[in-house]
Amino acid sequence: MEKTTDSYFSYPPNLHELDLATLVSMYRDRGIPKKAKPGEYFACAVTQKLIKEGKWWFGRYYSQEAWDETLTKGSEGYPLTEVEMNVLGLAYAADEQAPSRDYIEQNSGAVSKLAYMIVNDLKEFGFLSLDDHNRLLITPRGERALQGISGRIYGKKFKADMLKVNQGEITNPKIERAPKEDSEQANLF
């Protein structure tokens, strides 16, 4: 399936290189307005113009106007990416039984810790709900958000072939752990 634009939010492709604390901090800071230091400027990721204040997105800055233009229809102010489209789409495209949270997180196209935070936020924002069996269900708000982001990326209503898992693109990247060095200290655990 061919994308019609790249004018939407996206996560940097090398997030798997970050440690968990940094990833969580960056995720929680997305969309936060930040001011440049006196005498310094940011460059808007969309307009490329210099700005004194911008909304932060994983090292990129957006003027308020550019941020608003990048938000998608039905998102209700939530910055949706292709990963959120995959999460919402997997819940939406389920045939008979809603998919488990684990399945959706593994097939979201993001590192597992990021997928976990995204699912939590989509639930908190009312786009997803969780049933008693830990399966994710899409809400009417979630359906509107899904149609908005799929319309932005692909120029049409959501279809299951837009999902990364159906395009064979899921790699389930993992956050790397630093190897432990041998030490003379006794292991107490």
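Seen from every direction in turn and averaged, the convex hull around the alpha carbons of the chain projects onto 14.8 nm². For segment 67-174, the tally of Lys pairs with Cα-Cα distances below 28 Å comes to 18, considering only residues 8 or more apart or on different chains.
Taking every alpha-carbon pair under 8 Å whose residues sit at least 6 apart, the chain reaches a relative contact order of 25 percent. Taken per residue, the accessible surface of the chain reaches 60 Å², heavy atoms only and a 1.4 Å probe.
Amide hydrogen proximity for T139: with H placed 1.01 Å from N in the peptide plane, the residues at 5 or more positions away or on another chain lying under 5 Å are L128, S129. Working note: Karplus 6.51/-1.76/1.60 with θ = phi - 60° gives segment 113-124 the couplings 5, 5, 4, 4, 5, 5, 4, 4, 5, 5, 5, 4 Hz, where Gly and Pro are set to x.
Placing unit charges on the Cβ atoms only, positive for Lys and Arg and negative for Asp and Glu, gives the chain a dipole magnitude near 700 debye about its Cα centre.
Looking at segment 29-91, which trypsin sites (Lys or Arg not before Pro) are in a loop (DSSP not H, G, I, E or B) and have at most 16 other Cβ atoms within 10 Å? Within segment 29-91, the qualifying trypsin sites (Lys or Arg not before Pro) (loop, at most 16 other Cβ atoms within 10 Å) are R30, K49, K52, K73. Only one residue of P33, L137, S108 has its Cα farthest out toward the positive end of the dipole of the chain, where Lys and Arg carry +1 and Asp and Glu -1 on Cβ, and that residue is P33. Residue by residue, segment 4-13 carries 3J(HN,Hα) couplings of 9, 7, 10, 8, 8, 5, 8, 7, x, x Hz when phi is fed to the Karplus relation 6.51 cos²θ - 1.76 cosθ + 1.60 (θ = phi - 60°); x denotes Gly or Pro. Rounded to the nearest 500, the helix-only mean residue ellipticity at 222 nm of the chain stands at -9500 deg cm²/dmol, with each DSSP H run of n ≥ 4 adding -39,500 (n - 2.57). Solvent-accessible area assigned to carbon and sulfur over the chain amounts to 48 percent, based on a 1.4 Å probe. For segment 77-84, putting each phi into the Karplus relation 6.51 cos²θ - 1.76 cosθ + 1.60 with θ = phi - 60° gives couplings of x, 7, x, 8, 10, 5, 5, 4 Hz, in residue order, rounded to whole numbers and with x for Gly and Pro. Among 88-96, 107-115, the peptide with the highest mean count of other Cβ atoms within 10 Å heads the list, and the full ranking is 107-115, 88-96.
The values are calculated or read from the model by the stated rules, or taken from the named source; none is laboratory data. These numbers were taken from a predicted model, which means no experiment stands behind them. Cβ coordinates were reconstructed from backbone atoms using ideal geometry, including for glycine residues, and neighbour counts include every protein chain displayed. All accessible areas refer to the heavy atoms of the entire protein, side chains included, with ligands and DNA or RNA removed. Shrake-Rupley method; radii C 1.70, N 1.55, O 1.52, S 1.80 Å.
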